[in-house]
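The block underneath contains the structure these notes are about, expressed in structure tokens.
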Amino acid sequence: MNKQSLLSNFYIALEAVLANQLRSLLTALGIIFGVAAVIAMLAIGNGAQKEILEQIELVGVNNIIVQPVVEQTEQRIGESDENDKKKFSPGLKLLDVESIRNNIPGVERLSPEILLETYIIKNGIRRSSKLVGVEPSYFEVANFELDGGEVFNENQLRVGAPVCIIGKGIQSKFFPQENPIGQKIKVGSQWLEVIGVLKERFISEKAISNLGIRDYNMDVYTPIQTVLVRYINRDLVTGSGLKKSFGGMSMMSFGRGMSISISGASSESEDAAPKNYHQIDRLVVQVSESAKLSSTAEVLSRMLERRHFGVIDYEITIPELLLKQQQRTQNIFNIVLAAIAAISLLVGGIGIMNIMLASVMERIKEIGLRLSIGAKSTDIVSQFLFEAVLISVTGGIIGVILGIALAFAVSSLADFPTEISFASIAISFGVAATVGLIFGITPARRAASQDPITSLRHE
């Protein structure tokens, strides 16, 4: 078959499709919805995948998070409070950090944190904020980068110097027109010198809700020793504790889950209030390899249980494992959507075949006429194949447009991230054309097998 014959057969097929536009469109509905489903599904899947990767970056790679549990009570039903004796635990403290560093192999970095709810005062503006006491390893573990300045040096860490690193939001709020490096801000009751500014970090609301991630851009970071020396150290007897004790409180807190009786009856509400006796509020343990996460977490749990005298006043979570579970769930969801899209394309292909078979029966006389004037069987086959492919390709184009529109609709209306890739468009369009070609073969062969004389007599 020469090029001229192919072009002639293509034009005949195009005229046949245009002559029955409504029927051709209805025939292509399965292809349209199938292609649209494939593109929208892959866009949603790619968006979810991207978000998961962003969440992993936010919490850090290969991290184990240890958080203290504020005082838990246990009491047998029917027993009085007098018989309810609490087990002693020193709480989560810096000595635990050193013990982990010296005794657990495979630990790459340790990042203890102390988090205080406080406020910032600058130029007559007071704004609530969080003061985070950290070590330099914190910025490596959390994948923070400096926009300017420097991190804490060894001397500042050792003496608890009044210095800080601020988030980009703090700079925008308090230093909109000037360089904050070297400037001082009042954080709580202390004046701190700004020595660095972090690059802005964009965090989605979903990441904040799913992982408990706060807006780091509005935080102030200071050496952990600075917090212990200048703000609060729950591992020590405090002046406020002494004041409360001599003011009529029955218990004086030592900040470590320990207390001594001093005077008269205490308030039931005060006794019932949970007491945070933990020196640090969060500990991130970063291991060298992902394969060591579970085993390291198990060893870590046993060590802390022993050091806390059997009191489980902490919880251990592995964000990466939680995210991987979320990723597996997303993959299952993608497979289900892919199966639905494949079924839709299959149904669309069957619809094309049925309509083309019906078209062959309607056009038997036309087929016989073409055969009688010299058309070959290959010409008839190519004509009907062209018709099937044209219908499927047209449906594929409409499906691509619809799929892109659906992806944008999901992104804007449902506030769900989507990412359309060229590969998804190419794959879906290629599948649509292939479906038309495969399911158009049977009707084309049936058309070519018609006897010209019988076809001309057909009514």
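The values are calculated or read from the model by the stated rules, or taken from the named source; none is laboratory data. Just so we're clear, the structure is a prediction, and the values are computed from it rather than from any experiment. Here the Cβ positions follow ideal geometry from the backbone for every residue, glycine too, while neighbour counts run over all protein chains shown.
The set of residues in region 285-314 being assigned to a loop (DSSP other than H, G, I, E, B) and farther than 21 Å from SER137 by Cα consists of HIS308, PHE309, GLY310, VAL311, ILE312, ASP313. Does VAL381 meet the test of being part of a helix (DSSP H, G or I), touching a Lys or Arg at 6+ places or on another chain (Cβ under 9 Å), modelled with pLDDT of 75 or more and not basic (Lys, Arg)? The answer is yes for VAL381. Annotation note: of ILE166, ILE121, ILE125, the sole residue that is buried (at least 18 other Cβ atoms within 10 Å of the Cβ) and among the aliphatic types (A, V, I, L, M) is ILE166.
Among the candidates SER111, SER137, SER89, SER189, single out the residue that is of a type in the set (Ser, Thr, Tyr), surrounded by 14 or more Cβ atoms within 10 Å (Cβ to Cβ) and more than 33 Å from the chain's Cα centre (by Cα).
Step by step, each of SER111, SER137, SER89, SER189 is checked, and only SER89 is of a type in the set (Ser, Thr, Tyr), surrounded by 14 or more Cβ atoms within 10 Å (Cβ to Cβ) and more than 33 Å from the chain's Cα centre (by Cα).
Among the criteria (1) surrounded by 19 or more Cβ atoms within 10 Å (Cβ to Cβ); (2) at pLDDT 85 or above, the one ARG282 does not fulfil is (1). Yes or no: VAL159 farther than 26 Å from ILE65 by Cα and among the hydrophobic types (A, V, I, L, M, F, W, C)? Here the answer is yes, as VAL159 does meet what is asked. Listed by position, the strands (runs of 3 or more DSSP E) contained in region 92-168 that have at least 3 residues being among the acidic types (Asp, Glu) and in the same structural domain as ILE280 (by TED's automatic domain parsing) are 107-122. Of the numbered criteria (1) surrounded by fewer than 20 Cβ atoms within 10 Å (Cβ to Cβ); (2) free of Cβ contacts under 8 Å to residues at least 40 places away in the same chain; (3) in contact with a helix residue (DSSP H, G or I) (Cβ under 9 Å, 6 or more places away or on another chain); (4) not charged (D, E, K, R), the one LEU146 fails is (2).
Going by the structure shown, is ILE44 modelled with pLDDT of 60 or more, touching a Leu at 6+ places or on another chain (Cβ under 7 Å) and of a type in the set (A, V, I, L, M)?
No: the conditions fail for ILE44.
Residue count for region 424-445, restricted to those that are touching a residue at least 40 places away in the same chain (Cβ under 8 Å) and either aliphatic (A, V, I, L, M) or not in a helix (DSSP H, G or I) (or both): 10.
Selection within region 97-108: residues that are more than 15 Å from PRO68 (Cβ to Cβ) and in contact with a Leu (Cβ under 7 Å, 6 or more places away or on another chain). The member of this set that is surrounded by the most Cβ atoms within 10 Å (Cβ to Cβ) is ILE104.
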